[in-house]
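The values are calculated or read from the model by the stated rules, or taken from the named source; none is laboratory data. These numbers were taken from a predicted model, which means no experiment stands behind them. With ideal geometry, Cβ positions are generated from the backbone for all residues, glycine too; neighbour counts draw on all protein chains shown.
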Amino acid sequence: MVPAEWYLLLAAAVFCIGLIGILTRRNALLFLMSVELMLNAANINFVAFSYQWGNVTGQTFGLFTMALAAAEVAIGIGIILVLYRNFDDIDVTKATTMRW
Amino acid sequence: MLLQSQLPNSLALAPVLVLALTALLLLVVDSIDPDSTNSAALAGISVVGALTSLGFAGWFLSAGTGQVSTGGGISLYGEALVVDGMALFFMAIFASVTAMVAIGSYDYLRGKPHQAEFYTLVMFAATGMGLMAAANSLATAFVALELASLPSYALVAFLKKNRGSVEAGLKYFLIGAVSSAVFVFGISLVYAATGSMVFSDVAEALNGTEFVGVAGLGVLMIAGGFAFKTASVPFHFWAPEAYEGAPAPISAFLSSASKAAGFAVAFRVFTEAFALSAIPAGIDWVLLFQILAVVTMTLGNFAAATQENVKRMLAYSSIGHAGYALIGLAALSAGSAQNGNVMGASMAHLLVYGFMNTGAFLFIALTEHWDIGRRFEDFNGLGSQAPVACAAMTVFMFSLAGLPPFGGFFSKYFLFAGAIGAGFWWLAAVGAVNSALSLFYYSRVVKAIWIEDPSGEFQITSKPIGLYAAVMIAALGTLVLLPGFGPVIEMAQTAATALFA
Amino acid sequence: MNPWIAIGALGVVSIGIPLGMMAVSALLRPSVPEQGKSAIYESGEIPTGTARLQFNIQYYMVALLFVIFDIETVLIFPWTVIYRSALEQGASLTEVLLPMLVFIGILVVGLVWAWRNGAVEWVKSPLAESRKTERQT
Amino acid sequence: MAAFDYAPAIVLLPFLSFLVSVGVAVSGRDLLPKGGALPGIAATAGSFLLSVWMFLTVSGGQYYDETIYTWAAVEGSFELTFGLLIDPLSAMMLVIVTLIATLVHVFSLGYMNDDGQTGLPRYYAGLGLFTASMLGFVVADNLLMAFMFFELVGLCSYLLIGFWFREAGPPSAAKKAFLVTRFGDYFFLIGVVAVFATFGTSQFAGAEAFPVLAEEVLLGEASANTFGFAPQTWFTIVGLLVLGGVVGKSAQFPLHTWLPDAMEGPTPVSALIHAATMVAAGVYLVARMYGFYALTPTTLAIIAFIGGFTALFAATMGVVKREIKQVLAYSTISQYGYMMLALGSGGYIAATFHLMTHAFFKALLFLGAGSVIIAMHHNEDMWDMGNLKEKMPVTYATFLAGSLALAGIFPFSGFWSKDEVLYEALVHGLGGLGGGEAEGALLLGAWAMGLLAVFFTGFYTFRMVFLTFHGESRSDTARNPHGVGWNVKGPLAVLGVLAVVAGFVNMVPVAKLTGAEIEFLHKWLEHGPAGLTSEHYTELTHEFAHYTAGTLAGGELGTALISGGVSLALALAGVGLAHVLYNVPEPTEHTDKLGGIKTLLYNNYYQDEYQVWLATGLTLPVSRAADKFDQGVVDGVVNGVSSVSLFSGSRVKQLQTGVVSNYAMLLTLGLTVLLVVFGLLGGWF
């Protein structure tokens, strides 16, 4: 059996990859994908520790996370769509009419 | 005992269920006739739904449902949800704000497409907020938080042709997505450390856990998720733009109800799951909230002081108020008898804030309806044109600043007094200094409205009944809370004390 | 010797060969920039329009609907797994079936709304429509 | 107890008239006949009748001490209340105040209305408010309420002195009166706070009254927070603090300078406020809390000495004045000095007695002077008068009666009261000296000054009478004076009778001589609620201040006769000197004979000058420095804070770049910092 720490490290690594993606990508869709990575990092933990603790709470919650991630993507794509219509671009750094 | 003898326990959630049903009903109505622009019917359904929800919450509160006097919180669905005094108190706040926003939106949305969707999303978001207040497990907390957030993203970007609205929606969504990822990762870490998500089990498992580091990381990241919802530093960056760009009623909705919902769930999580009596010494979340409270109120107020745009000023001031409300979590100490008072005062502040801040944003909605600009100068001399609404705005501003004799004064007074009573006089001192600073920028609005000469001609041709009514209700709420503040603070502090029992 | 080393070596080689080829060719080839070389390759045809294609909104709508409703089915699986055993252990239908019916019901309300608002209607593009009419005449 | 149910109405009636007058004044129209005088007269007359009723009820042996309204209460600590205390002292004072107020209202008809003055509603509003606050002060049952009405009275004085605010003098005089009395009141306020801090109550009467508590503390039966001082020392300090207000209000040295200037106000106001009632407030306050002062011999000695000194000091200044009202002003200061002397030397009854007689004859003299001033077309210089007795016999007769009373000539009222004051000072001074007490010598010194002042009083009083009414007319207006009506003569007549007979209520020497029971005032003040009787006070002064009565030759009776005889002789000597110098057809100024003293007296001992120097030479630089500090440092800090706030605000908001990627970056950064900090603090790694 793989020790639990490894799962934690894997999840943390995936989470950080997602985070770095968010920090470096300017494309809104890539931004969204990075968020998905972060959410799935959490799912790794849930599934792994569901197994570890011997209850299904984690697994079930993993399903919820996926469903919510999907809903989030749906909303996100809608917003990115109107972003494109208004700013002719999906570069998230272009929309800066409001600041300070 | 009233409720227990008359209704099944599952109906304790009635305030939330009513909101959800209203949302579905709106969808059905829109499905029947998608092309209808009968906004009065839609707004009417929403208002009735919100008021029914408020009625249930008020009834349950007065009947003592879920409170200590009738045997404590009612837990439902395998302890996933719990209905107690605090949950009902916050549900009342959400329902009130929702009702005001729905009334105000009737005029604001006139002639715009997709009205049914607007109201549906508002009702769904309100449902989510109600569930947040009742969540008794990290899983429901997350789901409810998302249920509140997702419609909010869409609502902020509701004006599809308005660049500000879209930009606001984008920023809100992106920061929100990151925050919820952080939040859910925090949950996964806490789950990794404890093996459970139900608050009481989490607390039990945390007591003497060996995974302090993992749990600590998790607690911190969960706090981050709440910081996003409450617009607290360092997760506040979305707030100024989202509030400024969003349709004004939605700004009101988010900055009042959504913020309160964040606090509602934060209060419960940190008193039940991460209770001070159970948490390992290495996880000092009180210190975390002390830092966040001070930084948040200072940053919010300082940034608000230099704004030129009234709506944006209100947005920053909303961040400042999140800082005040954070005192409810920051001025706690293990086993202190004052804990309930401090947190109760924070809840009461959120209630008063729900009225005065909603009112202020709805006034902005009114000016947007009139196509008056958003800067301070644009408001010059407005008092002579619309004295009633401007008088209400004056009440909101002074109440937000915490001047006696308005509701905001009492809630702040009890909050700071509670902090001092709990031994955190320096928190109260920072709060008081910030309140003094806030008077500066709030009074700028009042000065512009009443004292300055008009810089241009106003084209005020209409008196939108809905918006006026909503502003007046908010003003009335702010004022009625003067004589009614005694019972409110008592109720809030009783409900909060029950959490620490 | 650790069997993983072989895999590691394979990985190194598989990355090294393409990189090496690109490096060698970059060193050897003459550099003559030309417009035709940077143009988009469309099977020898001269490209028309921009590379940025605007997809019809319908494309996203269907995708969104799929994402949402498809993922919801995931939530039904755990229910199906426990359904029979729960019934056998004496749970009543209101406890086991009704919640799922409510869940499906909510989804149905959403689907009906989306349908009625034209989310799944196949809207013909105006351009294609006009071409079609031209051909008929 | 039916009578006492109406007690609040005594205060509220004049307040009602004040409200009516204010309403009229605000409306700006002539809504009421006589400029609003009639409501005032009706209200004060009503109060007077009620007061008489109270007086009769009290004489029936009933007293009233109720809390009407609690306006602030700190649980278990103290309560701030309004309440009424009606005992013999306050009942008597009520009658005096309401009677004089009524008469002054009537007199104002002649002095203000017939003269065609404008702004009358404002005038009567002031009078109404004044009467109401004075009455409120009289019936106050605790020190804080007394202080509040004390301040209101001061405010009314300010408003009424400055009634003719368009002229140069009155506003400045009003300001001066306000500031000088306020100076004393600061100490009073601190005293009130000190009383609360020490005893937790400021009630005058009852078992929980602060004088009673103080007595128990001194006897060791109770304890109080005395801030680390010995109880005796601390009570002396508290007593002196409250005395600050008394000295200011009752125009005692060195805070007497405002009163002569206050004569800029309308003469009826001078009669009501600056002679008969408000100035009496200070003395009344000492009498009211005499149970407290009687416990501290040092305070008593200081009171006596201030009183004696003021009596003499003011009398000498009265000698050289040219204006009739100025003479009366200094005589007022002097007479209040006698009352203080009496209080300080244990003569509680004597002081009250003199307070009463003085109220009558001084009101009479001021109203008489007012009548003269009307006749003289508002010329107040006595050297322009002369021979007015032919033209205005009523005024002359009553003025003469008042003057005889003031000078202390047998058998007018002033004789009896002044005699008793001096007698008390003498016997207690002798007793103290016999008992080897240091205070005895102080009392005797004060007595000597008081006695000497009798001579000056006789002199300046009759100098005034002779210059005004006798000799030849020295100006055209004096030859052809303006007539005065019934509304002037009526009050004069009433007060004239009182000035003659008021002294008969307490003829101590006669009583001692004949053994007849005619000391009515003694009897009156002997009864009352527990702890507020003159007998109790005598016990207290005896027990705590060791006051005992000493005698000269001839025992008690002999001492009384000698004392009375000496003071009468001195008064007659003063009158005689005035007769020789001024009762001639063509009097001339004899002030040159005084040489250098003349300049000193004309300049009022340079009291104003040194106080002005104190203000400009000392206080002003200090204030300037404070202002510099305020403007430079405090405001600088405030402005600095605000500009720093705004600057940092504009910096802070720069964080909000508008680029969402930067937000994500800052968010991550913030979270990471928190993670690292809390990880290190909590030892997570």
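Of the helices (runs of 4 or more DSSP H) that lie entirely inside the stretch D:225-326, those containing 3 or more residues that are within 25 Å of residue D:536 (Cβ to Cβ) span D:231-249, D:278-288, D:290-293, D:297-318.
Among the numbered conditions (1) more than 7 Å from chain A (Cβ to nearest Cβ); (2) surrounded by fewer than 24 Cβ atoms within 10 Å (Cβ to Cβ); (3) of a type in the set (Lys, Arg), the only one that residue B:160 does not meet is (1). Working only within the stretch A:44-77, note down all residues that are small (Gly, Ala, Ser), surrounded by 17 or more Cβ atoms within 10 Å (Cβ to Cβ) and more than 7 Å from chain B (Cβ to nearest Cβ). Within the stretch A:44-77, A:48, A:50, A:62, A:67, A:69, A:70, A:74 meet the criteria.
Go over the candidates B:215, B:181, B:141, B:203 one by one and state the one that is closer than 30 Å to residue B:26 by Cβ and part of a helix (DSSP H, G or I). Working first, answer last.
Numbers: B:215 fails: closer than 30 Å to residue B:26 by Cβ; B:181 fails: closer than 30 Å to residue B:26 by Cβ; B:203 fails: closer than 30 Å to residue B:26 by Cβ.
When all the criteria are applied, what remains is B:141.
Looking only at the stretch B:122-140, decide whether some residue is at the interface with another protein chain (Cβ under 8 Å from one of its Cβ atoms), buried (at least 24 other Cβ atoms within 10 Å of the Cβ) and either touching a residue at least 40 places away in the same chain (Cβ under 8 Å) or of a type in the set (Phe, Trp, Tyr) (or both). No, the stretch B:122-140 contains no residue that is at the interface with another protein chain (Cβ under 8 Å from one of its Cβ atoms), buried (at least 24 other Cβ atoms within 10 Å of the Cβ) and either touching a residue at least 40 places away in the same chain (Cβ under 8 Å) or of a type in the set (Phe, Trp, Tyr) (or both).
For residues that are part of a loop (DSSP other than H, G, I, E, B) and closer than 21 Å to residue B:101 by Cα, scanning just the stretch B:26-45, find the one that is nearest to the other protein chains (Cβ to nearest Cβ). It comes out as B:37.
Given the stretch D:365-483, what helices (runs of 4 or more DSSP H) lie entirely inside it while holding 2 or more residues that are crowded, with 21+ Cβ neighbours inside 10 Å, touching a residue at least 60 places away in the same chain (Cβ under 8 Å) and assigned by the TED database to the domain that holds residue D:522? Lay out the reasoning, then the answer.
On the way: elements: D:388-391, D:393-407, D:413-434, D:438-469, D:476-479.
Where helices (runs of 4 or more DSSP H) fall fully within the stretch D:365-483 and carry at least 2 residues being crowded, with 21+ Cβ neighbours inside 10 Å, touching a residue at least 60 places away in the same chain (Cβ under 8 Å) and assigned by the TED database to the domain that holds residue D:522, they are D:393-407, D:413-434, D:438-469.
The listed residues are B:337, B:360, B:345, B:325, and the only one of them that is touching a His at 6+ places or on another chain (Cβ under 8 Å) and either of a type in the set (A, V, I, L, M) or surrounded by fewer than 24 Cβ atoms within 10 Å (Cβ to Cβ) (or both) turns out to be B:325.
Restricting the stretch B:272-299 to residues that are β-branched (Val, Ile, Thr) and within 19 Å of residue B:232 (Cβ to Cβ) leaves a set whose member that is nearest to the other protein chains (Cβ to nearest Cβ) is B:283.
Please verify whether residue A:2 is outside any helix (DSSP H, G or I) and either more than 9 Å from chain B (Cβ to nearest Cβ) or in contact with a Pro (Cβ under 7 Å, 6 or more places away or on another chain) (or both), treating the condition exactly as stated.
It is true that residue A:2 is outside any helix (DSSP H, G or I) and either more than 9 Å from chain B (Cβ to nearest Cβ) or in contact with a Pro (Cβ under 7 Å, 6 or more places away or on another chain) (or both).
Within the option set D:635, D:627, being more than 7 Å from chain B (Cβ to nearest Cβ), at pLDDT 80 or above and more than 30 Å from residue B:179 (Cα to Cα) holds for one residue only, D:627.
When you check residue D:677 against the structure, is it more than 8 Å from chain B (Cβ to nearest Cβ) and out of contact with any His (no Cβ under 8 Å at 6 or more places or on another chain), yes or no? Against the criterion (more than 8 Å from chain B (Cβ to nearest Cβ) and out of contact with any His (no Cβ under 8 Å at 6 or more places or on another chain)), residue D:677 qualifies. Here residue D:258 passes the criteria (1) more than 13 Å from the chain's Cα centre (by Cα); (2) farther than 24 Å from residue D:88 by Cα except the one numbered (1). For the stretch D:648-673, how many residues are more than 7 Å from chain B (Cβ to nearest Cβ), of a type in the set (A, V, I, L, M) and part of a helix (DSSP H, G or I)? Of the residues in that region, 4 qualify.
Which one of D:659, D:644, D:676 is surrounded by fewer than 16 Cβ atoms within 10 Å (Cβ to Cβ) and farther than 18 Å from residue B:299 by Cα? Please lay out each step first, then the result.
Working: D:659 fails: surrounded by fewer than 16 Cβ atoms within 10 Å (Cβ to Cβ); D:644 fails: farther than 18 Å from residue B:299 by Cα.
Just one listed residue meets the conditions, D:676.
The set of residues in the stretch B:426-444 being aromatic (Phe, Trp, Tyr) and away from chain D (no Cβ under 11 Å) consists of B:426, B:442. So, residue B:460, is that one over 19 Å from the mean Cα position of the chain (by Cα) and surrounded by fewer than 22 Cβ atoms within 10 Å (Cβ to Cβ) or not? Answer is yes for this residue.
Check whether at least one residue in the stretch C:51-69 is at pLDDT 75 or above, of a type outside the set (Phe, Trp, Tyr), in a loop (DSSP other than H, G, I, E, B) and under 28 Å from the mean Cα position of the chain (by Cα), and report yes or no. No, there is no match, as no residue in the stretch C:51-69 is at pLDDT 75 or above, of a type outside the set (Phe, Trp, Tyr), in a loop (DSSP other than H, G, I, E, B) and under 28 Å from the mean Cα position of the chain (by Cα).
When residue B:208 is tested against (1) in a loop (DSSP other than H, G, I, E, B); (2) within 14 Å of chain D (Cβ to nearest Cβ), just one condition goes unmet, and that condition is (2).
Given the options B:24, B:76, B:17, name the one that is surrounded by fewer than 21 Cβ atoms within 10 Å (Cβ to Cβ), at pLDDT below 90 and under 23 Å from residue C:94 (Cα atoms). So that I can check it myself, show each step before the final result.
Numbers: B:24 fails: at pLDDT below 90; B:17 fails: at pLDDT below 90.
When all the criteria are applied, what remains is B:76.
Pairs are defined by a Cβ separation below 6 Å, a sequence spacing of at least 6 or placement on different chains, a first member in the stretch D:500-524 that is under 20 Å from residue D:91 (Cα atoms) and assigned by the TED database to the domain that holds residue D:357, and a second member that is surrounded by fewer than 21 Cβ atoms within 10 Å (Cβ to Cβ) and among the aromatic types (Phe, Trp, Tyr); the pairs so defined are D:505/D:520.
State the number of residues belonging to the stretch B:229-261 that are acidic (Asp, Glu) and either out of contact with any Leu (no Cβ under 9 Å at 6 or more places or on another chain) or at the interface with chain D (Cβ under 10 Å from one of its Cβ atoms) (or both). So that I can check it myself, show each step before the final result.
Let us first name the residues in the stretch B:229-261 that are acidic (Asp, Glu), namely B:241, B:244.
Filter again for either out of contact with any Leu (no Cβ under 9 Å at 6 or more places or on another chain) or at the interface with chain D (Cβ under 10 Å from one of its Cβ atoms) (or both), leaving B:241.
Going through the stretch B:229-261 one residue at a time, the tally reaches 1.
Just for the stretch A:43-82: of the residues that are more than 20 Å from the chain's Cα centre (by Cα) and aliphatic (A, V, I, L, M), which one is farthest from residue C:65 (Cα to Cα)? The selected residue is A:56. Of the residues D:221, D:216, only one is closer than 27 Å to residue D:89 by Cα, outside the structural domain of residue D:541 (by the TED database) and either acidic (Asp, Glu) or buried (at least 24 other Cβ atoms within 10 Å of the Cβ) (or both); which? That would be D:216, the only listed residue that is closer than 27 Å to residue D:89 by Cα, outside the structural domain of residue D:541 (by the TED database) and either acidic (Asp, Glu) or buried (at least 24 other Cβ atoms within 10 Å of the Cβ) (or both).
Set side by side, the residues B:402, B:423, B:431 differ, and just one is in contact with a Lys or Arg (Cβ under 6 Å, 6 or more places away or on another chain) and either at pLDDT 90 or above or on the phi > 0 side of the Ramachandran plot (or both), which is B:402.
Can you confirm whether residue D:558 is in a loop (DSSP other than H, G, I, E, B) and at pLDDT 75 or above? Talk me through it step by step, then tell me what you get.
Numbers: in a loop (DSSP other than H, G, I, E, B): no; at pLDDT 75 or above: yes.
Here the answer is no, as residue D:558 does not meet what is asked.
Selection of the stretch A:8-43 for residues being farther than 25 Å from residue D:666 by Cβ and at the interface with chain B (Cβ under 8 Å from one of its Cβ atoms) yields A:8, A:43. One residue alone among B:166, B:219 is more than 24 Å from residue B:279 (Cα to Cα), within 13 Å of chain D (Cβ to nearest Cβ), modelled with pLDDT of 90 or more and crowded, with 24+ Cβ neighbours inside 10 Å, and that residue is B:166.
Quick one: count up the residues across the stretch B:316-356 that are of a type in the set (A, V, I, L, M) and over 13 Å from the mean Cα position of the chain (by Cα).
As a first pass, look at the stretch B:316-356 and keep what is of a type in the set (A, V, I, L, M): B:319, B:322, B:325-327, B:329-332, B:334, B:337, B:342-343, B:345, B:347-348, B:350-352, B:356.
After this cut, where a residue has to be over 13 Å from the mean Cα position of the chain (by Cα) as well, the list is B:327, B:329-332, B:334, B:337, B:342-343, B:345.
Number of matching residues: 10.
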